[in-house]
1. Looking at region 531-544, which of its residues are buried (at least 18 other Cβ atoms within 10 Å of the Cβ) and either out of contact with any Lys or Arg (no Cβ under 6 Å at 6 or more places or on another chain) or more than 15 Å from Q496 (Cβ to Cβ) (or both)?
2. Considering only residues of region 86-110 that are at pLDDT 95 or above and assigned to a helix (DSSP H, G or I), which is surrounded by the fewest Cβ atoms within 10 Å (Cβ to Cβ)?
3. When you scan region 21-62, how many residues do you find that are among the hydroxyl-bearing types (S, T, Y) and outside any helix (DSSP H, G or I)?
4. Read through the list (1) touching a strand residue (DSSP E or B) at 6+ places or on another chain (Cβ under 8 Å); (2) aromatic (F, W, Y); (3) under 28 Å from L91 (Cα atoms), then give the number of the only condition that F376 fails.
5. Spot the failing condition for W518; the list is (1) in contact with a helix residue (DSSP H, G or I) (Cβ under 7 Å, 6 or more places away or on another chain); (2) part of a strand (DSSP E or B); (3) among the hydrophobic types (A, V, I, L, M, F, W, C), and only one is missed.
6. Are any of the residues in region 481-489 outside any strand (DSSP E or B), touching a Phe, Trp or Tyr at 6+ places or on another chain (Cβ under 9 Å) and at pLDDT below 95?
7. Applying the selection to region 206-241, what residues are over 27 Å from H25 (Cα atoms) and either in a helix (DSSP H, G or I) or open to solvent by less than 10 Å² (accessible area, probe 1.4 Å) (or both)?
Amino acid sequence: MGTKADQASGFGARLGQLIGQIYPHLDRDILASQVVEAFWPEERHRRKRRRAAGNQQWSEADAMVITYGNTIVDGAHKPLDLLRDFLHEHLAGVVNGVHILPFFPYTSDDGFAVTDYRAVNPLLGDWQDIARIGSEFLLMSDLVLNHVSSQSVWFNAYLQGHAPYDRFFFEASPDDDLSQVVRPRTQPLLREVETADGPRHVWCTFSHDQVDLDFSNPEVLLEFLRVMRLHIDQGVRIIRLDAVAFLWKEVGTNCIHLPQTHAIVKLMRLLADYATEPVILLTETNVPNAENLSYFGRGEEAHAVYNFTLPPLVLHAMLSGSARHLLRWQGAMPPAQMGCAYLNFTASHDGIGMRPAEGKLTPDETAQVIAAVQDFGGRVSMRALPDGGQSAYELNITWYEAMKGTFAGEDAHQFERFIASQTLVMALEGIPAFYIHALLGTPNDVEGVEKSGHNRAINRARLDYPALQAELADPNSRTARVLSELRRRIGIRGAQGAFHPNATQFTLQLDDRIFGLWRQSIDRRQSVFALHNVSAQSLKLRPEQINLIEGELWTDLLTGDVIDPAGGAIEFSPYQCRWISNQS
């Protein structure tokens, strides 16, 4: 076990090592003390031992909803109060976690251009409202740590040359070699600004209203550690590291996934593992699969990563009627390491990222997907390439509208196709997350795009709460049908040990139209064969194809059908899903 001194020195030694990797020219002992003081101020104390990596941080009962703080409004009450009411009335007992997208004062990008990290946007509510939700649900917040608003106090102080903010922002020269820089947008990378010391060019990865911070200055890191502590003290238990891949910049490199970025994530993980509160770090890295998985490190970086390759491949499967690319990718995916988990989703507040599909879909297949999304009323957002060209960065459409048809055009299977797309996500190893507009089957907000001029507005509609309640009260409305069926299936999932985020998973190669998985509970008592027809065709499987053990009672958890291993073929209607289990 070791003595307390040994345990303390283990923490100190690891912290010093990481600081040495990030800031090799600074006194690591002094900086280590500053890090501890930033994260554990005043009377706060850390654990004596590092929280052991394991699978107890989450369970099959966990599911998240993703929402803006003001997605639900009525013009009379605080939006955070309305959100809390919606969570309790419509999701309690089924969804136990909520990701409230940036709830701070901001100037653009629907919250991701933050002006004040220590305040709650008064149009939403206050910290008391956040803390109350955090006491009732597993709460996720955003640490928007790559950039701040150009109208923030920090940036205004930088422009005026006031310390310490005069060294908070990353500067470069138009004469620098920036040809390798990986870009998620098409606008110029540098923005010229007038400062007290003359003109400067600041780095803007995302927009000219979002100015990148300079983490080579340790004061920037320390400030964000203080912000992390504020979030934790207000009940946040999952911290989403927004756009973390772009954190560290070095002119002459691609400025993405640099070693210092990974070291900063490791440092934050170290602090989280020694926190008395059970804090989970989630990295947001919308990049190709291998790059995304790198944020697990060796189990010492993020606790969880978004499964970013999942949305475009699920989309392709549902549009094409073939799961072959989804099966090939999933069959090669490593199980999450001990103490780590995937966050699985299809829809989010952003678009459907296409970079994670690079190398998974051919250019022709990608073009087919884009054309179908456009036919269903969607938009395409582009990014700049180093050679001066452009490529599709993301597709902007609500997920329900993306399920309107196939490559052959619109058809009558939208509801079934949509439900199937969400069901297969629930069956995967990891924790499922559902964007509120997917849970409600929201249509495209074309008017929002036209008013804002931003493609992402298509999937960010504000919902009038009285009208929403009326829709949900009508069992025949699209909204009520979607939420009711998703609630039912999420509830079934949450009762199955075989769907623990770290339970065994094996990809089944049966028929390209079937996305099949075998899941086995950690205690090996329950097996579930999760089979999802991604096509508009009826089909059959023989029981022996999925190795159903004779002598056990096999039941489809979704329908209640008893499946006889020695019986006839297992039938699937278009887009039907079956979770065949030896425990009902």
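1. To start, the set of residues in region 531-544 that are buried (at least 18 other Cβ atoms within 10 Å of the Cβ) comprises 531-536, 541, 543.
Once the filter is applied, which keeps residues that are buried (at least 18 other Cβ atoms within 10 Å of the Cβ) and either out of contact with any Lys or Arg (no Cβ under 6 Å at 6 or more places or on another chain) or more than 15 Å from Q496 (Cβ to Cβ) (or both), region 531-544 yields H532, N533, V534, S535, A536, L541, P543.
2. So the residue we want is E89.
3. Of the residues in that region, 2 qualify.
4. (3)
5. The one condition W518 does not meet is (1).
6. No.
7. Within region 206-241, Q210, L230, H231, I232, D233, V236, I239, R240 qualify.
For every residue, the table says whether it meets (1) in contact (Cβ under 8 Å) with a residue 60 or more places away in the chain; (2) crowded, with 23+ Cβ neighbours inside 10 Å; (3) within 18 Å of the chain's Cα centre (by Cα).
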{"residue": "V244", "(1), (2), (3)": "yes, yes, yes"}
{"residue": "E250", "(1), (2), (3)": "no, no, no"}
{"residue": "L258", "(1), (2), (3)": "no, no, no"}
{"residue": "D273", "(1), (2), (3)": "yes, no, no"}
{"residue": "T276", "(1), (2), (3)": "yes, no, no"}
{"residue": "L281", "(1), (2), (3)": "no, yes, yes"}
{"residue": "A304", "(1), (2), (3)": "yes, yes, yes"}
{"residue": "A317", "(1), (2), (3)": "yes, yes, no"}
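The values are calculated or read from the model by the stated rules, or taken from the named source; none is laboratory data. Keep in mind that what you see is a predicted model, and the values were worked out from it rather than measured. With ideal geometry, Cβ positions are generated from the backbone for all residues, glycine too; neighbour counts draw on all protein chains shown. Side chains included, ligands, DNA and RNA excluded: accessible areas come from the protein's heavy atoms. Shrake-Rupley method; radii C 1.70, N 1.55, O 1.52, S 1.80 Å.
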